[in-house]
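Below you'll find the structure, written out as structure tokens, and then a few comments.
The values are calculated or read from the model by the stated rules, or taken from the named source; none is laboratory data. This one's a predicted model, so the numbers in the text were calculated from it and none came from an experiment. So basically every Cβ, Gly included, is an ideal-geometry build from the backbone, and we count neighbours across all protein chains shown. Accessible surface areas use protein heavy atoms only, side chains included; no ligands, DNA or RNA. Shrake-Rupley method; radii C 1.70, N 1.55, O 1.52, S 1.80 Å.
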Amino acid sequence: MNAPIRYAEALLTGMLGTFGLDIEYVRAEKNTLYYLDEDGAEVPVLDLIGGWGSLMLGHNHPEIVSYAKELLDTGWPTHSQHSSHPVADQVGAALNQIIGRELPGAEPYTITFANSGAEGIETAVKHCEFDRVLRLKTLFEEIEWNADVALKAVLGGSAALPDDTSLLPGEVPAPTTIEEFGALLGAVAEHNIARAGTSPVFFALERAFHGKLVGSLQFTFNPIFRAAFASLGPAVNFVPPNDAEAFESAVAAHRVTVLDVQVVDGKVTLVERDLPVIAGLIVEPIQGEGGIHALTAEFAARIRQICDTVQCPIVVDEIQSGMGRTGKFLASSHIGLLGDYFVLGKSLGGGIAKSSVILIRQSRYRPEFELVHSSTFAKDGFSTAIARRTIEILEADDGAAYDRAAERGERILGMLRELAAEFPDVVVDVRGKGLLIGVEFADQSQASSPVIREKARAGLLVFQLGSYLELAHHIRTGPTASVPTMLRIEPSIHISDQEIEQMRTGLTEVCRILRHQDALPLVYP
Ligand code: F0G
């Protein structure tokens, strides 16, 4: 019989097939995915990828499943756009309560809904730019008003002509007549207009991952993903994480000023005003796809200070690190990072729905945004209600789920550290917080085993190791495209001691294979 033609991601599925990973799963619960063997019997696989982080509560959490059924059975409206959505407000209220608890002193945040992480990031970026353009408009209105006031003051005799024009480029003489003053105002306006169109300046961190749509991709560091599409979106300046001085210099390098004409102590005076060109800084408190790297509390405090001085909003991408994964609802809470924006996604959908939210600090929020931004599916009745229930489940029993994420995470990290101590030649680092963990293996591009060496040189060793873990130990792990020597571990809070031991057994074998350069089990698992 011919194999059926693949229409969906045939290349990728084919590549997975070369590693024996093109498995069709037919059932899922907690941390287990099941496929059927030749006899039709279910084979369980321990899922350590956890839906790339969307399964904090595991596959098909019974309470969420039964709530979803209830919504559908009772005819709850999924699509009722342009109507009142109290459930959306309840999600906003619940998230505000959590932020207030974890980041004391935070002001309220409005909530905007989107459908995916990347869309959430693009919505935040779009709002940043909307806010910047409105700040620009206000500045130019003020400048125009002040020029008018100055002209009237000179004409009315209450203000003297300016005697210092040095802020204008070129040798512009100080005006001595009203006509020359008119010409000076014209030169100032021309100078300002030339600068008004300066492109917005966005900052992101090296190794960042913020999505793969044409806008969000510009903020994703890895050139493998971004390079071909760089001309499709805003130019983003990447700065090294945890280096506040580098960020401060980069901000200073982009400073652009315009000129305002003000009456100061009875004399018309040229004054420099900062043009709002800095549109936003976007950060992950713990970088996920980029290799599990945490920001420090010192860096968080410094970027907050620097951004406050230049009115640069900080967009905190908690799509992967949020929803309790690191032992607190927001990973930002560990480092006191107060964002102007927070973006949540992944586990917000309870492992069933697709949604994301953008929380915007009220004092930065532009309500007019609601008139220029929308999506057919965002804030739909089904996923919004599921998000509310997911948050309720996480918050239940004084946030027992967060404590569990922290405790399970420590247990896994403890096991991995023991492994790293036993195999220091093979495991370079074990890092993470809560259930966002990475195991970094030593570079094998000079390995003596040709199989291991060639796979490492092709950047595919983790796929080969993942294949071995899947086929020999029934463990599913994830790669990070940006760190080809890392296995990513993001299970749900249900991970049991027994499953952690299963992980230990599989990973110990992987370490032995690498230590002894014994590629046979990799090829014939
Ligand atoms: N931001 C972060 C921090 C992410 O980890 C991701 C996705 C996104 C944004 C985009 O979200 O996929 O819903 O559009 N990360 C996955 C990963 C794909 O590999 O960790 P999306």
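What to note about this one:
- Scanning region 213-228 for residues that are within 15 Å of the ligand (Cβ to nearest atom), more than 14 Å from Lys126 (Cα to Cα) and loosely packed, with under 15 Cβ neighbours inside 10 Å yields one hit, Ile224.
- Looking only at region 73-100, and only at residues there that are among the small types (Gly, Ala, Ser) and surrounded by 16 or more Cβ atoms within 10 Å (Cβ to Cβ), the one that is farthest from Ala396 (Cα to Cα): Ala88
- Residues of region 42-72 satisfying the condition of being buried (at least 20 other Cβ atoms within 10 Å of the Cβ), of a type in the set (Gly, Ala, Ser) and over 20 Å from Glu392 (Cα atoms): Gly50
- Scan of region 305-334 for residues that are farther than 30 Å from Leu134 by Cα, open to solvent by 10 Å² or more (accessible area, probe 1.4 Å) and not charged (D, E, K, R), ordered by number: Gln320, Gly327, Ser333, His334
- Considering region 3-79, the qualifying helices (runs of 4 or more DSSP H), each wholly inside and each with 2 or more residues that are touching a residue at least 40 places away in the same chain (Cβ under 8 Å) and within 30 Å of Ile391 (Cβ to Cβ), run over 50-53, 62-73.
- Among residues of region 476-498 being open to solvent by 20 Å² or more (accessible area, probe 1.4 Å) and touching a Phe, Trp or Tyr at 6+ places or on another chain (Cβ under 8 Å), the one that is nearest to the ligand (Cβ to nearest atom) is Ala481.
- Residues in region 283-304 that are open to solvent by 40 Å² or more (accessible area, probe 1.4 Å), of a type in the set (A, V, I, L, M) and within 16 Å of the ligand (Cβ to nearest atom): Ala294 only.
Yes/no per residue for (1) in contact with a Lys or Arg (Cβ under 8 Å, 6 or more places away or on another chain); (2) within 30 Å of Glu395 (Cα to Cα); (3) at pLDDT 95 or above; (4) of a type in the set (A, V, I, L, M):
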{"residue": "Arg453", "(1), (2), (3), (4)": "no, no, yes, no"}
{"residue": "Leu461", "(1), (2), (3), (4)": "yes, no, no, yes"}
{"residue": "Tyr468", "(1), (2), (3), (4)": "no, no, yes, no"}
{"residue": "Arg476", "(1), (2), (3), (4)": "no, yes, yes, no"}
{"residue": "Pro491", "(1), (2), (3), (4)": "yes, yes, yes, no"}
{"residue": "Ile495", "(1), (2), (3), (4)": "yes, yes, yes, yes"}
{"residue": "Thr508", "(1), (2), (3), (4)": "no, no, yes, no"}
{"residue": "Leu514", "(1), (2), (3), (4)": "no, no, yes, yes"}
{"residue": "Gln517", "(1), (2), (3), (4)": "no, no, yes, no"}
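- Residues located in region 232-241, provided they are at pLDDT 95 or above and open to solvent by 70 Å² or more (accessible area, probe 1.4 Å): Leu232
- Of the strands (runs of 3 or more DSSP E) contained entirely in region 413-494, those carrying at least 3 residues that are touching a residue at least 60 places away in the same chain (Cβ under 8 Å) fall at 427-433, 436-441, 483-489.
- Of the residues making up region 186-196, none is within 16 Å of the ligand (Cβ to nearest atom) and either out of contact with any Ser or Thr (no Cβ under 9 Å at 6 or more places or on another chain) or closer than 22 Å to Gly288 by Cα (or both).
- Residue in region 407-417 that is small (Gly, Ala, Ser), under 24 Å from Ser332 (Cα atoms) and open to solvent by less than 20 Å² (accessible area, probe 1.4 Å) present: yes
- Qualifying position, being touching a residue at least 24 places away in the same chain (Cβ under 8 Å) and open to solvent by 70 Å² or more (accessible area, probe 1.4 Å), among Glu142, Glu179: Glu142
- Of residues in region 101-139 being more than 16 Å from the ligand (Cβ to nearest atom), out of contact with any helix residue (DSSP H, G or I) (no Cβ under 7 Å at 6 or more places or on another chain) and open to solvent by 40 Å² or more (accessible area, probe 1.4 Å), the one farthest from Arg195 (Cα to Cα): Arg101
- Sole exception among (1) in contact (Cβ under 8 Å) with a residue 24 or more places away in the chain; (2) out of contact with any strand residue (DSSP E or B) (no Cβ under 8 Å at 6 or more places or on another chain); (3) polar (S, T, N, Q) for Ser332, by number: (2)
- Residue check, Ala406 within 20 Å of Ile49 (Cα to Cα), more than 16 Å from the ligand (Cβ to nearest atom) and within 22 Å of the chain's Cα centre (by Cα): yes
- Residue ID - surrounded by the most Cβ atoms within 10 Å (Cβ to Cβ), chosen from residues in region 260-273 that are farther than 15 Å from Leu136 by Cβ and touching a helix residue (DSSP H, G or I) at 6+ places or on another chain (Cβ under 6 Å): Val268
- Region 335-379, residues that are within 16 Å of the ligand (Cβ to nearest atom), open to solvent by 10 Å² or more (accessible area, probe 1.4 Å) and either modelled with pLDDT under 95 or over 25 Å from Glu107 (Cα atoms) (or both): Gly351, Ile352, Ala353, Lys354, Ser375, Phe377
- Any chance Ala387 is assigned to a loop (DSSP other than H, G, I, E, B) and crowded, with 19+ Cβ neighbours inside 10 Å: no
- Any hit, region 274-282, residues being more than 16 Å from the ligand (Cβ to nearest atom), more than 13 Å from the chain's Cα centre (by Cα) and either at pLDDT below 95 or open to solvent by 40 Å² or more (accessible area, probe 1.4 Å) (or both): yes
- Residue identified as closer than 23 Å to Pro223 by Cα and modelled with pLDDT under 95 among Glu289, Glu318: Glu289
- Applying a threshold of 6 Å to beta carbon distances and a minimum spacing of six or more residues, or different chains, the list of pairs starting in region 100-125 at a residue that is more than 22 Å from Arg304 (Cα to Cα) and ending at one that is more than 16 Å from the ligand (Cβ to nearest atom) and open to solvent by 20 Å² or more (accessible area, probe 1.4 Å) reads Phe113/Lys379.
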